[in-house]
1. Taking the Cα centre of segment 17-298 as origin, sum charge times position over the Cβ atoms of Lys and Arg (+1) and Asp and Glu (-1), and report the length of that vector in debye to the nearest 20.
2. Please compare each pair in K76/K165; K77/K165; K45/K264; K77/K293; K165/K296 to a cut-off of 30 Å on the Cα-Cα distance and tell me which ones are over it.
3. Over all directions, the average projected area of the alpha-carbon convex hull for segment 17-298 comes to how many nm²?
4. Can you list the HN-Hα couplings for segment 63-70, worked out from phi with the Karplus curve (6.51, -1.76, 1.60; θ = phi - 60°), rounded to whole Hz and with x for Gly and Pro?
5. Along the charge dipole of segment 17-298, pointing to its positive end and built from +1/-1 on Cβ of Lys, Arg, Asp and Glu, which listed residue (S252, T98, G269) has its Cα farthest out?
6. Can you work out the Karplus-derived ³J(HN,Hα) for every residue in segment 146-163? Use 6.51 cos²θ - 1.76 cosθ + 1.60 with θ = phi - 60°, whole Hz, and x for glycine or proline.
7. Using a Förster radius of 35 Å, what is the FRET efficiency between K76 and K296 based on their Cβ-Cβ separation? Nearest 0.05, please.
8. Using label points projected 7 Å from each Cα along Cα→Cβ, tell me how many nm separate R286 and Q156, to one decimal.
Amino acid sequence: MKVGRGLVMIAGLGVVLGITSCGSEDEVSGGEPTAPREAYVLARKGHHLPEGTVIVSTDSFQLADAILTLEVEGVKKVGTMSSTHESEMRREILSNQTSRVTILGDLQRSKRTLGGLPQTDPPTEGALAGRTVTFGREGTAWRGTLEGGEASEEQQLEIEALAAKLGNEEAVAMFGTEPRRVGDEWEIDPSNASILTTGGEFTGSYLLRFERVEEYEGLRCAVLEGTIDVSRRTVDRLGGEDSGMRINARASIYRSLDHLENLKSEIVGNLVMSESPPLGGSRLVRGPLRISKSVKLTLP
């Protein structure tokens, strides 16, 4: 049993722009006014980085020594499983309307022990690993073309998923466009958060808090921390498989205030995933989850 490629780190959370608050002064208990707290806009609709910018992002998913329970025809087996998914992508912004994306690496590994027998699956490479795609914007939508040949069906699906990420406004939905101050907390609609890229919307709670402003790798960043308790259930209409998923975790995000991009994000918590195949039986996976993303920017 493999953990699907839909499990990916929180990515593309939007942009950060610092502004000075023009609000009224706060009053302290003694009646003396204090300086207004500086405010920052955490998302701006339609924002883009300048032409010539290169963005290299490294993503990592880890599920380590999760408990695997498999039941078939009344026979239950219990074991463990581990899964990792590592990917690296380079995006060059050619203009406001064009980007060139190269998948530098995309590899998934998994292993399990069931009934005392260890099993290791062959590494699985993504369909676009080592390939380059040119994306152009048509209105509000992005379209991708594989360089060096015609895309296969699997490659086309991955190209469409990348195009959807380029064109979404997830940051606006997650942060809003109003200024945020250190100490602010707000709820996010979990259906707007790209914790997964596969079908089905999450329900539950996703709370973010603006903790502080801190320097990270020489850049001034807003540091946000969050708590996530979300779940999702989907039914494959063709195969008849019923599956459920729950994530309970903490999140941290470092977002550059000067370059308008998140530089580091991480989710650490627990995953519970259940499946009921159409031919009967059940599979249950329960274990510790770590999802991380780092971004390196090279500006023109």
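Read the figures in this text as sums done on the coordinates, not as results from a lab. Nothing here was measured: the structure is a model prediction, and the numbers come from that model. Quick reminder, even Gly has a Cβ in these numbers, built from the backbone with ideal geometry, and neighbours come from all protein chains shown.
1. Computed about the Cα centre, the dipole is about 580 debye.
2. In this structure, K76/K165; K77/K165; K77/K293 exceed 30 Å between Cα atoms.
3. Mean orientational projected area (segment 17-298, Cα hull): 18.9 nm².
4. 10, 10, 6, 6, 7, 10, 10, 10
5. Projecting each Cα onto the dipole axis, the largest value belongs to G269.
6. 6, 7, x, x, 7, 6, 6, 4, 5, 5, 5, 4, 5, 4, 5, 5, 5, 4
7. 0.15
8. 4.2
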